[in-house]
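Note sheet for the following structure.
A short reminder: the numbers here are calculations on the coordinates, not readings from a lab. It should be emphasised that the depicted structure is a prediction, and the values quoted were computed from it without experimental measurement. Positions of Cβ are generated from backbone atoms using ideal geometry, with glycine treated the same way; all protein chains shown enter the neighbour counts.
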Amino acid sequence: MPKLSVIVPCHNVRQFVPDTLRSLALNAGPGTEFLLVDDCSTDGTGELLDRAARDLVPGARVLRHERNLGISQARNTGIDAATGEYLTFLDGDDWYAPGYLDELAATAEDLGCDFVRTDHVQATGTDRVVRRAPARRRDAVLDPRDAIAPASMETMVDYPFVWAGIYRRELFGAPGEAADPAAGPPPLRFATELRTAEDRVLTWQLHLRAQSFATVGLLGVFYRRGVTTSLTQIRDARQLDFIPAHDRVLAEVVADREAERFLPKIVRTYCAMLAFHAAGADRYEPSAARLLKRDSAAALRRMPPEALERTLSELDHERRKVLRRLLGGARKAA
């Protein structure tokens, strides 16, 4: 059994995937398997993956979708096929420094916790910027719940980059394991109905469900920012999936045994996201901007009233004004 399974979802990334594949080759070894998931690419990406698995990247397998199912399902396909003791993820337009994966796996083994988060390097053109995970303590094994709050600070649930980390396979269940409702929450998977913001849901679930984690200052994963085909750059209704994503997190927090402890954080985070997107509604296509206003108002109405009012009273004037305007419109519509 390999020590580490690396899941790489790819869809129409022909321009960038050669860099990704070369970086995998420079991280290959007997303890690592690479699961290259071709999510029905139409630009020749699939052929490059096949060639890499055959000639360039030892330990690579290509998994193929017959139709485009999105990044969440592509990652889930990789999870279902993975046989490693640990899992990690890499997007098809990003890359690793040489030898990074061996160091990442060794760090996880030494710490012995459920998951480990790392810093990363943001690459925009030729510029490189180190982005540090917002951990208050590093190189120490902690309870993941203690890294969620306080509401007023940036915390580890505000660092939704699943590829900046490594995770015990057990969090996602054993290979081929079916969900057992009587055994508690099902093994972790990405929400396939979300086209964006899927990382945010899984990040919260990790911190609510896992028993232990750590944050380390390990650098070696490079995130390519500003790619025009990336969903983060698209301004249509797919960007609005941050709303159902936060609804899922809110529902999980409300049902949690420590709901009162974490409600202020998720409500404040949700409100901050709504205010940010509403303030920049002119960046969206007109139809998406209308949906944004409608769905944001409905989201505010779904929040626990006391937690919402407390959050609004603590926000700065500009965000409070945006949200109260949305909330007022929702009340008139009701």
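Remarks
- Sparse-neighbourhood loop sites, trypsin sites (Lys or Arg not before Pro) in segment 98-168 - DSSP loop, at most 12 other Cβ within 10 angstrom: R136, R137
- Global form of segment 184-314, assessed from the alpha-carbon gyration tensor, a/c cut-off 1.5: oblate
- Centre-to-centre, using Cα atoms only, segment 53-121 and segment 254-287 are separated by 29 Å.
- Computed from the alpha carbon atoms alone, the convex hull of segment 102-177 holds 139 Å³ per residue.
- Cross-link partners of K293 among aspartates and glutamates (Cα-Cα below 15 Å; sequence separation of 8 or more within a chain): D236, D241, D282, E285
- The aspartates and glutamates whose alpha-carbon is closer than 15 Å to the alpha-carbon of K3, local same-chain residues fewer than 8 away aside, are E33, E85, D102, E103, E109, D110, D114, E170.
- Rh (Kirkwood; distinct C-alpha pairs) - segment 186-226, Å: 12.7 Å
- The alpha carbon gyration tensor of segment 6-98 gives principal lengths a ≥ b ≥ c with a/c of 1.5 or higher and a/b no greater than b/c, which makes the shape oblate.
- Scoring 21-27, 303-309 by mean Cβ neighbours within 10 Å over their residues and listing the highest first yields 21-27, 303-309.
- Of (i) 135; (ii) 146; (iii) 167, the label for volume of the Cα convex hull per residue in Å³ derived from the coordinates: (ii)
- Per residue of the chain, the DSSP helices (runs of n ≥ 4 H) give a summed -39500 (n - 2.57) that works out to -12000 deg cm²/dmol at 222 nm.
- DSSP beta bridges in the chain [antiparallel fraction, %, rounded to 5]: 35 percent
- Helical segments meeting 20 Å axial Cα length and Kyte-Doolittle 0.0 threshold in the chain (DSSP H): 259-279
- Estimated FRET transfer efficiency (D143, A81; beta-carbon r; R0 30 Å; 0.05): 0.45
- In plain terms, the chain from A97 to E47 could stretch by 15.6 nm, reckoned as 0.36 nm per residue minus the Cα-Cα distance.
- For K321, the aspartates and glutamates whose Cα falls under 14 Å of its own Cα, not counting residues fewer than eight places away in the same chain, are E309.
- If the chain linking R64 and R310 were pulled fully straight, counting 0.36 nm for each residue of separation and taking away their Cα-Cα distance, it would gain 83.8 nm.
- Springs join every pair of Cα atoms under 10 Å in this Gaussian network model of the chain, and among R75, R301, R61 the largest mean-square fluctuation is at R301.
- Approximate spin-label separation D19-E285, in nm, with each point projected 7 Å along Cα-to-Cβ: 2.8 nm
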